[in-house]
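Working notes, beginning with the structure itself.
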Amino acid sequence: MMARGLLRFLASLLALAICNAASVSQPISDSHRSAAVDVFLPLDGSFKSLEEAYEALKTLDVLGIDKKSDLSLSTCENVVKVLGSSSSALKDLFYALSVNGILKCKTGEIVPKDIVSKLQAGAKDAKLLLDFYYSVRGLVLAKEQFSGTDVSLGDAEAIFRSIKALSQNDGRWRYSSNNPESSTFAAGVAFETLAGVISLAPSEIDQSLIQTLKTGIVKLFDSIQKYDDGTFYFDGSEGPISTTASVIRGLTSFAASESTGLNLPGDKIVGLAKFLLGVGIPGDAKDFFNQVDALACLEDNRFSVPLILSLPSTVISLTKKEPLKVKVSTVLGSKAPALSVKLADALSSKGSSVISNQELKFDADSATYFLDSFPKNFDVGKYTFVFEILLDESANEKAYITEAQTKVPIAATGAISIENAEIAVLDSDVGSVESQKKLDLSKDGAVSLSANHLQKLRLSFQLTTPVGVVFKPHQAFLKLKHESQVEHIFLVKTSGKKSELVLDFLGLVEKLHYLSGKYEIQLTIGDASMENSLLNNIGHIELDLPERPEKASLPPLQPTDPYSRYGPKAEISHIFRVPEKLPAKQLSLVFLGLIVLPFIGFLIGLTRLGVNIKSFPSSVGAATSALLFHGGIGAVLLLYVLFWIKLDLFTTLKALSMLGVFLLFVGHSTLSQLASASNKLKSA
Amino acid sequence: MVKSTSKDAQDLFRSLHSAYSATPTNLKVIDLYVVFAVFTALIQVAYMALVGSFPFNSFLSGVLSCIGTAVLAVCLRIQVNKENKEFKDLAPERAFADFVLCNLVLHLVIINFLG
């Protein structure tokens, strides 16, 4: 429910903000009503709690929206259940009675005496402010709804005093005597409760007690906060809207209950009303209820009813010659009493007063005031209109209050006349005109010019307001667009009598990226006050520019397809280190063969020398160690081959160390045996 | 004179040859081994001269292995030669063991540098 409604609020809030960009308040309107339907009517047809039901129904009631009948039925069922049950809490009873007050359910079976006695007991035993509130206000509602029953408060003065004991010197109230926490919200609740006590037992409460309350109200107003645009509000931990609404509720019910009258500062009341209206359409149900409930209290109160001045449109069109309409109404949009509206001053943006002391005429059919005649020198532009409202005092029963002066920003628009528009190509040295064409800027043109880089292009025109003053537009651009879609924008400056732009192509050659060819010329003149803003194609100019030198920047590439930037990028060609030139495979193989030759030669030489292995030991022990010796050497060489092919140094070293140790022992034994054998031979 | 020069050369060569034949066989084996190693080195240098020294470490490793083993063989020959008074007390087996060990260490380094 909230998510769906929230989107609508944002949309309507935006709409409200656009048409109400100034500090002008608008009273409650139909957009509020349609938003309320979205917020408060639950999707599944029933309210989650009686408090929620009360808030929703009260808001819809104030705004005058019809409640659906099935919703009323289901809520009434809940109300009757709560009122009939003997175990309902004070809060539930209060809200049930509140809802009943709006829906007027059929409560024939309920015995009012039980409810009343419960509420009376609650009021007598209460210690917390909220308990007092629910019980006392519940009794007030019961008195209204069950007319036959006797509703009396018991010891009203004692109850009054115990509530009053919760007040503080700074105008704020505490929720209970134990808790030192105090708030302005509690002050509003307290005043509502006290108003209830007074209305139930008017003769029992002493006037002096009521007087001390009034000084408390003055202190409360000392804590009011304000914004620069004249709005006032009360702030607290519950938020500004809830706190302000609570105080307004309390003060209006207090003023209604007692007879001597309450004097509250009028400008602050109007400020409070403007604050509540300035919220716009609130974002959640609680704020919405508080806003509408507080405005409903302000609409019809005993001290002073605020009146709001609003404008349906803040734009004056000098061509349409329609009058400026002003509405004065109450905060909920109801009719205001007899009064007159005067335009005290109309200040232009320079500060001079253009209109003063003009009374607005009244149209009874639409209940609006209007100003239809403007002085001859009323020019286009921005103004601040200052309105004053004069109330017809004699005719009123109620006291009405308005803002002293309402300042409204107004924009005046009109048709700007464009004269002497012409475009020319000039020779730069002499300044003489080579070709000149007049322009009709009310429609597109097809002027055809040509220039080279030594010449200049001059565009000039005169803009005049309806009054006859030279007009300086907010936007005046000339765009040159090349055939290759490259665009350049130049500003047309306004000075003195006319607006002029001179393009010196000699200096612009580099900016134009040395692109020669056909350029389309487009002129844009626009301003908020100008009703006939234009964007026209004037024609073409054929530009002859010199050749691009080496170092000049290339024109920016225009994407053929605006989405092409999301496509694949150009492929990067990596440059790798050129591998070394290796010799031909056959050559390497030839030399491999050649290497083997010396080895073969060695072997042949050995055989020629007659080497033999006669001295290879024959005994078993010596033979094995000799074999192991040769085997060990062979193993080491094999290990080296493996090391070259795939092993790493550390595994090789590990294996080598093991083989080496083995070889050491074996070699030692073999060679020592050989040595001893040769020694024996020598000695023998 | 030319004839006497050539005859002298021939005589010189013949005397060298005959003197050399007197050397013991084991020394001749060692000499042959040295000649084999040097030839292998020369062929490697010729290959490098032909194709360029791209994997220079491999070239160095190959050449140094041949030269190193030749040097170690020469050391062995000096130590084993009976006519050498300096190494009279050193047993030839001991010299051979040194030769084998040094060759193994040399070849480990060579293989590591070969790449």
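Worth a mention:
- Residue check, B:F96 touching a helix residue (DSSP H, G or I) at 6+ places or on another chain (Cβ under 8 Å), without any contact (Cβ under 8 Å) to a residue 40 or more places away in the chain, away from chain A (no Cβ under 12 Å) and not β-branched (V, I, T): no
- Residue match in region A:571-585 (condition: within 9 Å of chain B (Cβ to nearest Cβ) and either of a type in the set (V, I, T) or outside any loop (DSSP other than H, G, I, E, B) (or both)): no
- Close pairs (6 angstrom Cβ cut-off, 6 or more residues apart or separate chains): on the phi < 0 side of the Ramachandran plot in region A:568-581, among the hydrophobic types (A, V, I, L, M, F, W, C) and assigned to a loop (DSSP other than H, G, I, E, B) anywhere: A:E580/B:F54
- For first residues located in region B:1-12 and modelled with pLDDT of 85 or more, partners that are in a helix (DSSP H, G or I) and among the basic types (K, R) and lie 6+ apart or on another chain with Cβ distances below 9 Å do not occur.
- For first residues located in region B:17-46 and within 11 Å of chain A (Cβ to nearest Cβ) and hydroxyl-bearing (S, T, Y), partners that are crowded, with 18+ Cβ neighbours inside 10 Å and in a helix (DSSP H, G or I) and lie 6+ apart or on another chain with Cβ distances below 6 Å form the pairs B:Y33/B:A73; B:T40/A:P598; B:T40/B:C66.
- Unmet criterion (only one of (1) surrounded by fewer than 14 Cβ atoms within 10 Å (Cβ to Cβ); (2) modelled with pLDDT of 90 or more; (3) over 30 Å from A:A584 (Cβ atoms)) for B:R77: (1)
- Test: residue in region B:91-103 that is loosely packed, with under 15 Cβ neighbours inside 10 Å, under 20 Å from A:V636 (Cβ atoms) and modelled with pLDDT of 90 or more: no
- Which listed residue is charged (D, E, K, R) and without any contact (Cβ under 8 Å) to a residue 40 or more places away in the chain, from A:K268, A:K320, A:K325: A:K320
- In region B:49-68, the residues that are within 12 Å of chain A (Cβ to nearest Cβ) and either under 12 Å from the mean Cα position of the chain (by Cα) or without any contact (Cβ under 8 Å) to a residue 12 or more places away in the chain (or both): B:A49, B:L50, B:V51, B:G52, B:S53, B:F54, B:F56, B:S65, B:C66
- Qualifying residue in region A:216-226 (condition: among the small types (G, A, S) and surrounded by 14 or more Cβ atoms within 10 Å (Cβ to Cβ)): yes
- A:L295 meets each of the listed conditions (1) closer than 22 Å to A:V386 by Cα; (2) part of a helix (DSSP H, G or I) apart from (1).
- Test: B:K82 is outside any helix (DSSP H, G or I) and in contact (Cβ under 8 Å) with a residue 24 or more places away in the chain: yes
- Just one of (1) of a type in the set (S, T, Y); (2) crowded, with 19+ Cβ neighbours inside 10 Å; (3) under 18 Å from the mean Cα position of the chain (by Cα) fails for B:T25. It is (2).
- Tallying residues that are without any contact (Cβ under 8 Å) to a residue 60 or more places away in the chain, of a type in the set (S, T, N, Q) and in a loop (DSSP other than H, G, I, E, B) within region A:500-532 yields 1.
- The set of residues in region A:101-137 that are within 19 Å of A:L57 (Cα to Cα) and either surrounded by fewer than 19 Cβ atoms within 10 Å (Cβ to Cβ) or modelled with pLDDT under 90 (or both) comprises A:G101, A:I102, A:L103, A:K104, A:C105, A:K106, A:T107.
- All strands (runs of 3 or more DSSP E) inside region A:303-419 with 1 or more residues being surrounded by fewer than 20 Cβ atoms within 10 Å (Cβ to Cβ) and hydrophobic (A, V, I, L, M, F, W, C): A:315-317, A:339-348, A:353-359, A:361-363, A:368-371, A:381-391, A:406-413
- Among residues of region A:377-390, those that are at pLDDT 85 or above and over 41 Å from the mean Cα position of the chain (by Cα), counted: 0
- A:F643 being in contact (Cβ under 8 Å) with a residue 12 or more places away in the chain, at the interface with another protein chain (Cβ under 10 Å from one of its Cβ atoms) and either outside any loop (DSSP other than H, G, I, E, B) or touching a Gly at 6+ places or on another chain (Cβ under 6 Å) (or both): no
- Residue selected from region A:670-684 under the condition within 11 Å of chain B (Cβ to nearest Cβ) and of a type in the set (G, A, S), by the criterion nearest to B:L101 (Cα to Cα): A:S672
- Among the conditions (1) more than 11 Å from chain B (Cβ to nearest Cβ); (2) exposed (fewer than 12 other Cβ atoms within 10 Å of the Cβ); (3) under 24 Å from B:Y33 (Cβ atoms), A:R608 misses just one, which is (1).
- Matching residues, region A:473-499, being of a type in the set (D, E) and either under 14 Å from A:L457 (Cβ atoms) or part of a loop (DSSP other than H, G, I, E, B) (or both): A:E483
- Qualifying residue in region A:184-201 (condition: in contact with a strand residue (DSSP E or B) (Cβ under 9 Å, 6 or more places away or on another chain), surrounded by 20 or more Cβ atoms within 10 Å (Cβ to Cβ) and farther than 18 Å from A:R137 by Cα): yes
The values are calculated or read from the model by the stated rules, or taken from the named source; none is laboratory data. Since the structure is predicted, the reported quantities are computational estimates derived from the model, not experimental observations. Glycine gets a Cβ as well: all are built from the backbone with ideal geometry, and neighbour counts include every protein chain shown.
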